[in-house]
Amino acid sequence: MNRRLHVPRSEAYAARQGGKRPKCLQDFRETLEDASVDAVVIATPPHWHALATILCCRAGKDVYCEKPQSHNCWEGRQAVKAARKYDRIKPVIHKTLPITQAEEAHAILQRRENIGKVVLTVARDGQERPKPKSFRPAHAPRIKFTTS
């Protein structure tokens, strides 16, 4: 943490919060030893997310981690195991549309009579993603593309 940035910002926070000034720590592991801290928000580069989550769970802290939770699947599983082992709250937040919203959109489009038979509905949340959530009803034909 850059102390030159933290000191003026922490003074501004203290003025708004009735004198409670945030601590400035160079190493997050110092937070793990502080009994007054119940939960930790992890906003580090992604390759640190799983390790920080595991260490926080081991120290008895609940964890909120920005996405992605882990660098790979194995790390993510270890973080989940740690949360279960130490009985900690560790939500995994994904800011994408659930499949039910794609289904809902499909049903609305299906009721419209002037557009024909709807075979695929794709829902996006405004951000570009390579694989959006989609819904294909059971009666929809499977389309195969082949090259000759």
Inset, instruction - Return the residue satisfying two criteria in turn: it lies in region 70-91 and is among the small types (Gly, Ala, Ser) and in a helix (DSSP H, G or I), and of such residues it is modelled with the lowest pLDDT. - result: 76
Legend entry - Whichever residue in region 3-19 is loosely packed, with under 10 Cβ neighbours inside 10 Å and not in a helix (DSSP H, G or I) and, among such residues, is modelled with the highest pLDDT: 18
Inset, instruction - Output the number of the condition that residue 50 fails; it satisfies all remaining conditions of (1) assigned to a helix (DSSP H, G or I); (2) modelled with pLDDT under 85. - result: (2)
Legend entry - Condition broken by residue 37, with the remaining ones in (1) touching a residue at least 24 places away in the same chain (Cβ under 8 Å); (2) more than 16 Å from residue 91 (Cα to Cα); (3) not in a loop (DSSP other than H, G, I, E, B) satisfied: (3)
Inset, instruction - Being part of a loop (DSSP other than H, G, I, E, B) and farther than 13 Å from residue 44 by Cα is the filter; apply it to region 55-69 and report the residue that is nearest to the chain's Cα centre (by Cα). - result: 61
Inset, instruction - Take region 40-69 and flag every residue that is farther than 22 Å from residue 89 by Cβ and surrounded by 12 or more Cβ atoms within 10 Å (Cβ to Cβ). - result: 47
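The values are calculated or read from the model by the stated rules, or taken from the named source; none is laboratory data. Keep in mind that this is a model prediction, so the values were computed, not measured. Every residue, glycine as well, gets a Cβ built from its backbone with ideal geometry; the counts of neighbours run over all protein chains shown.
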